[in-house]
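Undergrad: Here it is, the structure, as structure tokens.
Bear in mind these aren't lab numbers, they're just calculated from the coordinates by the rules spelled out. Bear in mind that the values here come from a model prediction, so they are computed numbers and not experimental data. Positions of Cβ are backbone-derived with ideal geometry, glycine not excepted, and every protein chain shown enters the neighbour counts.
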Amino acid sequence: MSTAAFWALAVLAVASGIMVFRFDSMARATFSLLTALLCVGGELIVLGLDYLGVVTVLMMTIEMAIMAVFMIMFMMNPAGLMPMTMLHNRRGAALICAGSFTSLVVGILLVPWPRRVGRAPADPTMDLGMSLMGPQMLTMMTLGMALFATIVATVVLATRRGRYDRYGDDLRAARPDDPVRGGVGR
Amino acid sequence: MAEPAPPWAALVLPLALALVATALATADARSTGPGREVLRLLVQQRRITRAADVPLVRLATTLLPVAAVLAAAVLPLGFRPVSDLPDGIVWFNAMEALAWAAVWLAGWGPNSTLSLIGGYRFLAQGLAYELPHMLAITTAALGAQSLRVGAVADAQAGLWFAVWMPAAFGIYLLSALAMAFWGPFDQPVGRDTAGGAAAELSGVDRLVFLGGRRLLLVVAAAFSVPLFLGGGHGPLLPGWAWTLIKTAAVLGLLLWVRRRVPTVRTERYMELSWVVLTPLAVAQALVVAVVVLKK
Amino acid sequence: MDLRARLTRAALARPAVLLATSPGATRERLAVEAELGRRGWPSAAGPASADLLVFAGVPLPLRDDDWAERVWTAVPAPKARVTVTDAEHAAHTLDHGHRTLLTPAAHPAERHETATAAAPDHGPHDSQGSHGGMDHAHHGRPPGTVAGLPLAERAEDRDGLRLDRLHVPLGPALPDWPAGLVLRLELQGDVVRRAEVDPMPTPAASRPAFWSEPWLKALAGEPGTSGEAARRRCAAHLDSLGRFLGVAGWSDAATRARRARDRTLGDAHGEELRPLVHPLVRRVRKSRTLRWLTAGVGELPGGPVAGDAHSRLIGWLDGIEYALDAIGDRTPLADHPLIGPRGRVDDTEAPASRTLLAALPALLAGAEFACARLVVASLDPDLDELAARRAPDGRTHG
């Protein structure tokens, strides 16, 4: 049963991964990619890693939805039926693909895979949490802060308007000068 | 400890949800009853716009009810869900996020500006409500020290989470409305855009999409019961009855809010959500974490 | 077959109605809306959800664009359309439309491709292969069309990015929209970059504009009491209020406002109207959410409608209460200054609504779509006033 599910999801994931490059509409390509990633999430669940699988589904769905915002910014014709190829830099891409595929296959065939020791924990989610927040806590905290700082820094660099533009040179304006007023007035 | 329901429950679940949604529609009936409205949409022609992406539209309309039913799989009726996943809360969150994709595609597919605006609005609304929403449901999980929905309900045998996590409960109710784009958060299908994401849907497509939205509202409201209102716990009556009563009460509240409040626009709600609600949700989670550690 | 016919009959017992109003047809619109309220027929937000298409006033094409025909093609079968040209016969015409809808011959089974009416769909980029990748560059080219649908092209956005921009006409068949108004919008996402007012050609009216009728009559020397005028003003503001609340997404309050409007236009006494109007006015005035949502939208520094959408709304509420108290007034209207619901009616050069229309483009530029709708609804220009300007008989000119 789970072997069948594994293979079904695997084939579907690869097939929709290929379709990303066959479709000529950005919306279809995006959602084909989403299908592939949802199948990967399903694979994780089949392998018994429920939490990681479900989190993959959650994160990828939201991620692809956010992609759609950018799609609108740069391509406002809805339905996106303008044929538009999803392939760029064909020769370079072909070389990179062939190279990475070969090295992965070689790796799979040559590496001496370790035998399984011990048994799967009763609650892998708990073990995952213990491992992330136990021995790896420092790493995870540093990583989290670094990611957060990167996001903040990117937004600060990207925005054209700072607080002096919004609140005036002495920062005394009662209401910020924004193109559209927000709900709190900050 | 929740025991899983028998397998046939998986078949009954969509029917039960549809039943509650119909009851909701009857209570909410403005001029036409739900039965007649369904019949009207069934005899209506399915219409396609020029240069539409028909497969995407069909996918989008069916995805919405499917996501709602999948999310409901972890809902316990009394103490028995169809499937008591160890990460039920994350599962619910993930299925609810599928609605983002569904509404967005329904807006994009028909190749019409107004429906595109509707789909676009739902993404903005999603970005606004999702952050405090995730923190709120995490707070409930934190209080029970489990991501299993059954365990969260069991942790409230004594005191309901709604009582000692009022901020998280309030935020959850707001986001329940927002995720089903219902009531004051109906901007994605607002009348000002001639129906928004649903503007170009007719006939069966419209029925499935708007029906899916009602299912989503029922599921979102019902999920607040095990999360914050003590699940099936209560005196005298059996667990399933308490679940139904509490769900009906939450739905009644949501219907009432819809009558009393105009549509909340995202550009206003976004700032409120990120500047006020998110810090509030973090503070609530902190309080709960301290209480749980002290125990 | 019999079963099928019976099912259709049951399904369409209360058809969803899309009402498209032509300029100068306010009387017909009000009659149809009141009749729909009586019958409990739902109103459709767009053609896709409608069964019965009702034109209030004969729809005239806008330049070469036969918008009425486009709306009609966009309605899915089974469907029927009727045109109400006389307010007296609204109920009769609706009955006729309903009968047509239920006749089996009226539903052709074939599906056809349709375009939307509220905003014609604009299609794909051209497929001539001039752009090969994601960075499809058509900066230098003028906006083209494919299959009659305009394309998007790049332009600076509000924040200085270069983003796709779409040309969209808004109106004339939108719910809660001033009859006959068409806005040519340039949209980026749902942000309006630029807006041009393009009012429909208004037929020369034989009757004065409905909402300023009492004042125009007084101007022409006909007798009339200020009580009648107050009734008309009260109804006009309730009509504006209903549309504004509809756009703001408060359907419950909007329905109450419309019901109160219909009763006001009927011959209900002031005492009868008070329990209908006062609770509504109080609730709208006190709604903090509504204030939070509409404050700062469409702010005008000066002029007759200065302030933001919310202060204009409060102005209507004050006007409603004031007019409600004056409904019993029997003094001749000619003794009072002739100020209609939207402003002075005796200014022959510029009717008040022309000023309102002139304010629109500046207010709409940079607004988000929902705000743009609120701005239009909060100004609520009455294009009938413009129609009356062209009236052949001098009576309405004043």
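Undergrad: So what is the relative contact order for the range B:1-91, in percent, with contacts set as C-alpha pairs under 8 Å and at least six apart?
TA: Values: 48 pairs, mean separation 46.4, N = 91.
Value for the range B:1-91: 51 percent.
Undergrad: Rounded to the nearest 20 debye, what is the charge dipole size of the range B:9-294 about its Cα centre when +1 sits on each Lys and Arg Cβ and -1 on each Asp and Glu Cβ?
TA: Numbers: 21 positive and 14 negative charges, 142 e Å.
The dipole of the range B:9-294 has a size of about 680 debye.
Undergrad: For a protection proxy built on the mean count of beta-carbon atoms within 10 angstrom, sort B:211-221, C:224-234 highest first, please. Intermediate values should be presented prior to the final figure.
TA: Values: B:211-221: 25.8, C:224-234: 22.3.
Most protected by this proxy first, the peptides run B:211-221, C:224-234.
Undergrad: If you don't mind, there's one more thing I want to ask. Test of understanding: in a Gaussian network model of chain B with alpha carbons linked when under 10 Å, which of B:Trp164, B:Trp104, B:Trp91 would top the mean-square fluctuation ranking?
TA: Result for chain B, Cα springs under 10 Å: B:Trp164 fluctuates most.
Undergrad: I would also like to ask the following. Using Cα positions and a limit of under 30 Å, work out the lysines in reach of B:Lys246, with same-chain residues fewer than 8 apart set aside.
TA: In chain and number order, the partners are B:Lys295.
Undergrad: Cut-off is 10 Å between beta-carbons; in what order do A:Met141, A:Met86 appear when sorted fewest neighbours first? Mind showing how you got there, number by number?
TA: Values: A:Met141 11, A:Met86 19.
Arranged by neighbour count, lowest to highest, A:Met141, A:Met86 become A:Met141, A:Met86.
Undergrad: Another question about this same structure. With Cβ to Cβ distances under 12 Å as the rule, what net charge do the other residues near C:Arg63 carry (K, R +1; D, E -1)? Please list the in-between numbers first.
TA: On the way: positive: C:Arg184; negative: C:Asp64, C:Asp65, C:Asp66, C:Asp198.
So the surrounding residues net to -3.
Undergrad: When Cβ neighbours within 10 Å are restricted to other protein chains, what is their mean count per residue of peptide A:42-51? Mind showing how you got there, number by number?
TA: Working: counts 0, 0, 0, 3, 0, 0, 0, 0, 7, 6.
Averaged over the peptide's residues, the number is 2.
Undergrad: From Cα pairs below 8 angstrom and at least 6 apart in sequence, can you work out the relative contact order of chain B, rounded to a whole percent?
TA: That works out to 26 percent.
Undergrad: As a footprinting exposure proxy, order A:Tyr164, A:Tyr51, B:Tyr269 by other Cβ within 10 Å, with the fewest listed first. It would help to have the intermediate numbers written out before the result.
TA: On the way: A:Tyr164 10, A:Tyr51 21, B:Tyr269 24.
The order, fewest Cβ neighbours first, is A:Tyr164, A:Tyr51, B:Tyr269.
Undergrad: For the range C:2-106, with only Lys/Arg (+1) and Asp/Glu (-1) charged at the beta-carbon, what is the dipole magnitude about the Cα centre, in debye rounded to 20? Please report the intermediate quantities before stating the final value.
TA: On the way: 13 positive and 12 negative charges, 90 e Å.
With Lys and Arg at +1 and Asp and Glu at -1, about 440 debye.
Undergrad: Hey, what do the phi angles of the range A:34-41 turn into as Karplus ³J(HN,Hα) couplings, whole Hz, using 6.51/-1.76/1.60 and θ = phi - 60°, x for Gly and Pro?
TA: 4, 4, 4, 5, 5, 5, 4, x
Undergrad: Here is a follow-up. Which whole-angstrom value gives the distance between the alpha carbon centres of the range B:81-131 and the range C:272-345?
TA: One Cα centre to the other: 40 Å.
Undergrad: Residues in the range B:50-68 near a label at B:Ala18, defined as backbone nitrogen under 19 Å from the 7 Å Cα→Cβ point?
TA: B:59-68
Undergrad: Continuing with the same structure: Of B:Ala102, B:Phe161, B:Ala285, which is farthest along the charge dipole of the range B:9-294 in the positive direction, counting Lys and Arg as +1 and Asp and Glu as -1 at C-beta?
TA: My answer, from the dipole projection, is B:Ala102.
Undergrad: How large is the charge dipole for the protein assembly as shown, taken about the Cα centre, if only the Cβ atoms of Lys, Arg (+1) and Asp, Glu (-1) carry charge, to the nearest 20 debye? Provide the component values of the computation, followed by the final result.
TA: On the way: 86 positive and 78 negative charges, 251 e Å.
Dipole about the Cα centre, nearest 20: 1200 debye.
Undergrad: If we count other beta carbons within 10 Å of each Cβ, what is the order of B:Glu96, A:Glu43, C:Glu385, C:Glu196, fewest first? Display every interim value, and only then the final one.
TA: On the way: B:Glu96 27, A:Glu43 18, C:Glu385 30, C:Glu196 13.
Result, fewest neighbours first: C:Glu196, A:Glu43, B:Glu96, C:Glu385.
Undergrad: While we're here: Residues with amide H under 5 Å of C:Val84's amide H, sequence separation 5 or more or different chain, H placed in the peptide plane at 1.01 Å from N; which?
TA: C:Phe55, C:Ala56, C:Gly57
Undergrad: In addition: Explain nothing, just the number: relative contact order of the range C:2-106, from Cα pairs under 8 Å at least 6 residues apart, as a whole percent. List each step's numbers first, then the result.
TA: Values: 169 pairs, mean separation 32.1, N = 105.
For the range C:2-106, the relative contact order is 31 percent.
Undergrad: How far is the Cα center of the range C:3-52 from the Cα center of the range B:246-277, in Å?
TA: Cα centres, the range C:3-52 to the range B:246-277: 30 Å.
Undergrad: Still on this structure, please answer the following. Using +1 at the Cβ of each Lys and Arg and -1 at the Cβ of each Asp and Glu in the protein assembly as shown, identify which of B:Gly203, C:Leu219, C:Leu170 lies farthest towards the dipole's positive end.
TA: Positive-most Cα among the choices belongs to B:Gly203.
Undergrad: If you don't mind, there's one more thing I want to ask. Taking a ≥ b ≥ c as the square roots of the eigenvalues of the Cα gyration tensor of chain B, is the shape rounded (a/c under 1.5), prolate (a/b larger than b/c) or oblate? Working shown, then result.
TA: On the way: a/c = 1.95, a/b = 1.44, b/c = 1.35.
The shape class here is prolate.
Undergrad: Using amide H atoms built 1.01 Å from N in the peptide plane, name the residues 5+ places from B:Asp186, or on other chains, whose amide H lies under 5 Å from its own.
TA: Under 5 Å from the amide H of B:Asp186: B:Val264.
Undergrad: Taking amide H positions as placed 1.01 Å from N in the peptide plane, with prolines and chain starts having none, which residues 5 or more places from C:Val297, or on another chain, fall under 5 Å of its amide H?
TA: Here C:Ala309, C:His310 satisfy the definition.
Undergrad: Could you work out how much longer the chain between C:Leu7 and C:Ala350 gets when fully extended? Use 0.36 nm per residue separation minus the Cα distance between them, nm to one decimal. Mind showing how you got there, number by number?
TA: On the way: separation 343, 0.36 × 343 = 123.48 nm, distance 5.43 nm.
Answer, rounded to one decimal: 118.1 nm.
Undergrad: Would you kindly derive the ³J(HN,Hα) couplings of the range A:92-108 from the backbone phi angles with the Karplus curve 6.51 cos²θ - 1.76 cosθ + 1.60 (θ = phi - 60°), listing them in order in whole Hz, with x for Gly and Pro?
TA: Computed from phi, the couplings for the range A:92-108 are x, 4, 4, 4, 4, 4, 4, x, 5, 4, 4, 5, 5, 4, 4, x, 4 Hz.
Undergrad: OK, next. In whole Hz, what ³J(HN,Hα) sequence does the range C:63-76 give by Karplus (6.51, -1.76, 1.60; θ = phi - 60°), x for Gly and Pro?
TA: For the range C:63-76, the Karplus curve yields 6, 8, 8, 8, 5, 4, 5, 5, 4, 5, 5, 7, 7, x Hz.
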